[in-house]
Structures are given as C-alpha cells and as structure tokens.
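The values are calculated or read from the model by the stated rules, or taken from the named source; none is laboratory data. Remember, it's a predicted structure, so these values are computed and weren't measured experimentally. When we count neighbours, we look across all protein chains shown, and the Cβ atoms used for this are built from the backbone with ideal geometry, even at glycine. SASA here: full protein model, heavy atoms, side chains in, ligands and nucleic acids out. Shrake-Rupley method; radii C 1.70, N 1.55, O 1.52, S 1.80 Å.
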Amino acid sequence: MERRGEFQFSPGSWIRGRHPESFSFEEIKRMTPQDLEELYVTRKILEAARYVLGVTPE
C-alpha cells in the first residue's frame, strides 16, 4: 500500500488517498465513526506489513 502511495478509504471520503499516519488531532476529531474504523484498520494493515517485511518506520 505505502510503496504504491495509495491508501484506499471509502470512495468520496475526504480521507481517501492520505497516508494513515498523516492526520492531525483536529482532523481526527472531525472524523465519522466509519472514517475512524477505516483509519484504524488501514493502520493495522500497514503495521502488519511493516512487521512482516521487517521495515522500520522513519
């Protein structure tokens, strides 16, 4: 996901295409429950991929 630069959230969502770790506190506060769920799942997938590939965050 990260290598291709694509983070797939729901179509039409304002968070679509953004890196899951790039949101500010203010942006997270205005997320809907669906946005938060998608953000959580995407971050967990990214975390798992980093673990499996042995990649350390910068």
Notebook entry, point to check: What tally of residues in segment 5-54 results from selecting those that are at pLDDT 80 or above and aromatic (Phe, Trp, Tyr)?
Noted result: 4
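If you check residue 18 against the conditions, is it open to solvent by less than 90 Å² (accessible area, probe 1.4 Å) and out of contact with any strand residue (DSSP E or B) (no Cβ under 6 Å at 6 or more places or on another chain)? So that I can check it myself, show each step before the final result.
Details: open to solvent by less than 90 Å² (accessible area, probe 1.4 Å): yes; out of contact with any strand residue (DSSP E or B) (no Cβ under 6 Å at 6 or more places or on another chain): yes.
When the stated conditions are applied, residue 18 passes them.
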